[in-house]
Each structure stands twice: as structure tokens, then as C-alpha cells.
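Worksheet: one structure, shown below.
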Amino acid sequence: RHNAHLWMFGANGVKIFTPDGATEVKTIAPEKVCKETTNDDGSIRARCDFSDVVSDGRKYVWAAVARGVPMIDIFRIDTGDLVGSFATCGSPGQLDYHPLREEVWVHCSAFSNTTASHIDVFSAVSPAASIPATISLHDNTALRSNGKLTVAAELGDVAYSTVNGQPYLYKIDMAQRSVMEQYDMGGAEPNPKFFGVYDMAYSPKNGHIFVRAEVCCTCGSDESDTLECGRYGASNITLTIDGTDVVEEGQCGRHCRGGPTDTIGVMEFDPATEKVIGQHSFVGSAPVNAPFASPDGEHIILFGMNGGKTVEILKAGSSGFKSSLEATITLDFNTTNVEEYNVFDDFAYIQQGDMNLFVVSSSSDYKVAIVDMNSPNKDVSYVILKNMPYVDRSRSRQVEHVEGTDYVWVGGREQDEAYVINVATKQLIRTFTEVDARKLLSVTHHAFFDQASDFGSYLGQTGPASSATVETIEASTSEDTAPWRDGSLSSASGSTSSAKSLTDDDGSSNSNDALSIAALALSCVAIAAVLASFLANKKDPASGANKGLPLTSHEADDASLAVSLAVPPSVN
């Protein structure tokens, strides 16, 4: 229960699996976690949107469940039990965890019902504790405040946020929980079609923030930027041309992405100098869609609006200097009917052991690309999810690496499927059917392993009892959640594509049990040793009266600190 697990959120409620998907260890029914909302016609609907989920790695897993419902669901990280639903600001969207402050920050689409704030803050130690926030990202409370949020240990007590349709990058004081500065990203002489900023990524390597610009476009006539206005139609938009406001028929924001006016792309902002130091406008000849950063910040990933044909990898340089293009990767994905669209909304960047992999899956194909970032030519391997052409609507695929393992999960919401691949063997090992994999989240109980490491350091021991490789026994599975016992896998457990994975799982169970028993026995011995030491000191007070006994050596202090600052992964 403390090792890494994969949590799946969707219309089926919450399901918790072992990393390879072989065992479903817990299910929370949708009626317990989804939220009832009232439709325009007065009917009741249970919403299971799960706009974002995050683990704090210590006590809880957090979920923004339903659009329009100002509530956050919180689950126990070790048991998966629902702790409760907690009130927050309107329509909660992005969640982000700050490991040093031990706080969860919530970016909402509307003001809080209790405070004038677009962003709410929870204590990860005590979620019920009240933390007032007055973070107003625009003055008109009737406007929605969809946006992105960046918090990181490297940024200290500062966070950054964007709001759709606003030209500002907001700098937020996390201690005072208020906006301390806003930077106009349009510049002194803005592009007349500039609309605002939205997507962003942060690189801890150089401390830069990469912000994606939004633009406006005219439509509906031969003189317009585009002839057709699309399914959403046009409205009056105001463009500032040579200092004069001009009203035109057109659109703004995501409707103009990839069009002829979408030439600004991603702006690279240096917080130290508070300046934009460069632009990354295109991936090849196609407009860039959104920036993503590797966990260490060494690389910035730019997806192009070209059907997934190319991806650019930027190399983060020194602070204050524009990042440089390191590689352009050509990918073999189906581009039929999506030649000018973005097909990537997520990826997994795996840095463990000898692995340095970039994993991505096109939403218009049944393939997963695995890019070896250590190879000079960025070699690409493919895993086939289905041997058939893709004919469904292009829809985003989430890609989630289960921390510390070789397993990556890929969502297939359009097909009500989910897939598990082994990136070491480059094989598909399991397919789940009739599931709503709306959000996938790797969850590891880091606090447990921190304590195990600290305790082992205190005792001066080595081995399973003192390292972060403590094996634990999975909770027994009930008959209701174990349909795989007869060899068949339904919507709860998927279908096996590789017999080897089940064989390996069964063959390792005895050794896992033995390690678990050994770890438990060593823990009992350690507790007895501590009690004996305490009693001995109590009987001989003179021996400890003038000299305190150090709990750890200097080496243990350094190792403990390194482990305690480990940051669990989260959903972009």
C-alpha cells in the first residue's frame, strides 16, 4: 500500500491498480466521489470531470472532481479511502502541490464563495484548516478565470499564473497569498492580434518560464484572416492597429490556434530580469502548440500543430540566456485529417537509472513513441496499441509513468480504453476496456519511505529495513474486485496482451512476502532496541546528563535531507 500505484479517475469512480495493472487493489464507486449538478432543463446529472488530480506524496491525494462544483475531494494516500469533500473556489481546475510549504494550490474559473480570490490554498497537513487568500487575477468578477499555475520549490515563496484572455503573467506572493506583480507580455509594441497568454512551463535548470501566447483572427470574408469562422461562429473583436482601436468580425484564443495570425508562439520569460528574452514561434514550419519541461528542466518540449509529425527539443542554457534548439524529432504517426492540428496534450519524461526517455502518444493513432534522449540521434522506438487504422475523433491521450517502475499507462478516452506498456521491453502488456480513464495518476507514499530511511540511518543499519525499497503487502482484494481470478479480465482489470507479465508477477510473490515479513521483524527488533536504550539511559542518568546523544551522524543528516526533499510527480 506504500509502493507506487496507478490511480484511475473517471465515470467509473476511482480505481487503484498495481503498476503493471495486473491487480486492482481498490475501487471507490462513482456515487461516492462524483458530484450532482443541475442541467438547464432541471434534470440532475452526476459529473465526474476530474479536471485535475495531484498527490502530495505524504498523506493525501487531491482531486478537482466536477466543473461548476466548488469542492475538492481528498483521499488517504495509504488506503485510498475518501476523507471528504472540501469547499473551494468556483469550478476548480488546475491543482499544484508545493513540497516545502506543504500546501495545495487550486486555480479556479470563478471567485471563491467565501473570499474574493481566483486561487484557493489548502494545507496538506490539515486540509480543514482555513487559509484565507485574496488572489484576484482580474477586476471583473463576472469573467471566467481559466488559466494555468506554476509553483515549485525552486521558486521559493513565489508562484506564477495566467488567465485566458488576459495579457499578463501574474507573480503571486505565496506567503501573503496575493498578487504582487503583473507583467504585460504584449510588450511596448504588441502584435495587433495579440490576445493574451495561457499555457506555460517552468524550467528549474535556468529558472525561466515558457508562456504560450494567444491571438485573435478575423474571419468570414475574403479579406479576413480565414474565410470560415468554424462551428463557433464569429463575434465583434477589438484590434489595436497603429494605436487605433478597430472593431472586426472574428474570434480569439484557442479558435485561432494554428491559423495565419498565430505567429507569436512561446515567449521565454526570465523572472530574474523580469524580461522576455526570446520567442519560439514554430516547430518546423508549423505554429507551436504548448511548452512542456522535463523534470530536471534540462529540456523544453515543443509540440507543433502539424499532426504530430515533428517535435522540437530545446536545451535550457544559463539563466538570462535564450534556450537553444537541441534536436528536431520526426515521428511516424498517422496525420490523416489532422495535418494542421495538435495531437499531443501530454507526455512522460522518465529519468531513472540508465533510462532517459521521452514517451508520447498521438491522439490520432494507436501507437506510442519512445524517444531515447541519451542516444546522439534521439532514436525512436514504437509500441503498437492496436493493429488497425485510427478512425475515431482525435482526442487527447494522457501518458503517465508509474514512478520507479518500467510501466507507462496511456489513456484512450474516445475508445473507453487504457493501455499499459513496458518501456524497458517496449511491449504492450495490458489493455483495459470499458473504462473511463479521464485522469491517470502515479501515487507513491514518499513520507513512509522517508521515515524508513531516517529510522534506518538512526540505527546505523543497511538493508531493506533502512532503505526506500521496503516491500509491503497489498491489501487483500474482495471477490467483487477480483474478476481476474478465473483468467478473464473485464472493465475492472483489462485484458492481458503478454502472458509473460502474469508469470513474472506470480513468480515474485513469494519473495515479496518474505521481504515483507523480514522488514516487519527488523522493525520490531529496532523498536525493542530503542526502548532498551531509553531504559538504560534512564537507569544511568549521569551518563547522559552532560552530553546529548546525537540522533544521526552528519552523513545521515545529508542523506535524510536529500530524501525528504524528493518531490512526487504530478498531472500537467
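The values are calculated or read from the model by the stated rules, or taken from the named source; none is laboratory data. Worth saying up front: this structure is predicted, and the values here are computed from it rather than measured. Cβ: placed from backbone, ideal geometry, glycine included. Neighbour counts: every protein chain shown. Heads up: the accessible areas ignore ligands, DNA and RNA and are worked out on the full protein's heavy atoms, side chains in. Shrake-Rupley method; radii C 1.70, N 1.55, O 1.52, S 1.80 Å.
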List every residue pair whose Cβ atoms sit under 6 Å apart, with the two residues 6 or more apart in sequence or on different chains, where the first one lies in region 420-444 and is under 24 Å from D78 (Cα atoms) and of a type in the set (G, A, S) and the second, anywhere, is buried (at least 21 other Cβ atoms within 10 Å of the Cβ) and modelled with pLDDT of 95 or more.
A437/M8; A437/A418; S442/E400; S442/V402; S442/E403
Residue check: is K315 surrounded by fewer than 20 Cβ atoms within 10 Å (Cβ to Cβ), modelled with pLDDT of 95 or more and closer than 22 Å to V215 by Cβ?
no
D73 - would you say it is surrounded by 15 or more Cβ atoms within 10 Å (Cβ to Cβ) and outside any strand (DSSP E or B)?
no
Residue count for region 207-237, restricted to those that are surrounded by fewer than 21 Cβ atoms within 10 Å (Cβ to Cβ) and either basic (K, R) or in a loop (DSSP other than H, G, I, E, B) (or both)
15
For residues that are among the β-branched types (V, I, T) and within 26 Å of E249 (Cβ to Cβ), scanning just region 160-198, find the one that is modelled with the highest pLDDT.
V197
Hey, D296 hits all of (1) more than 22 Å from D406 (Cβ to Cβ); (2) surrounded by fewer than 22 Cβ atoms within 10 Å (Cβ to Cβ); (3) within 23 Å of the chain's Cα centre (by Cα); (4) not polar (S, T, N, Q) but one; which does it fall short on?
(1)
So V104, is it buried (at least 23 other Cβ atoms within 10 Å of the Cβ) and in contact (Cβ under 8 Å) with a residue 40 or more places away in the chain
yes
I want to confirm something. Restricting to region 1-54 and keeping residues that are in contact (Cβ under 8 Å) with a residue 24 or more places away in the chain and among the polar types (S, T, N, Q), which single residue is farthest from D73 (Cα to Cα)?
T23
Before we move on, is G304 within 21 Å of R257 (Cα to Cα), in contact (Cβ under 8 Å) with a residue 12 or more places away in the chain and of a type in the set (G, A, S)?
yes
Going by the conditions given, is T240 in a loop (DSSP other than H, G, I, E, B), in contact (Cβ under 8 Å) with a residue 24 or more places away in the chain and β-branched (V, I, T)?
no
Residues that are closer than 27 Å to R212 by Cβ and hydroxyl-bearing (S, T, Y): find the strands (runs of 3 or more DSSP E) completely inside region 330-436 holding 1 or more of those.
348-352, 355-361
For region 29-63, which positions are crowded, with 20+ Cβ neighbours inside 10 Å, in a strand (DSSP E or B) and aliphatic (A, V, I, L, M)?
V53, V54, V61, A63
Take region 242-268 and flag every residue that is of a type in the set (S, T, Y) and open to solvent by 20 Å² or more (accessible area, probe 1.4 Å).
T244, T263
In region 239-262, the residues that are among the polar types (S, T, N, Q) and out of contact with any Cys (no Cβ under 9 Å at 6 or more places or on another chain)
T240, T244
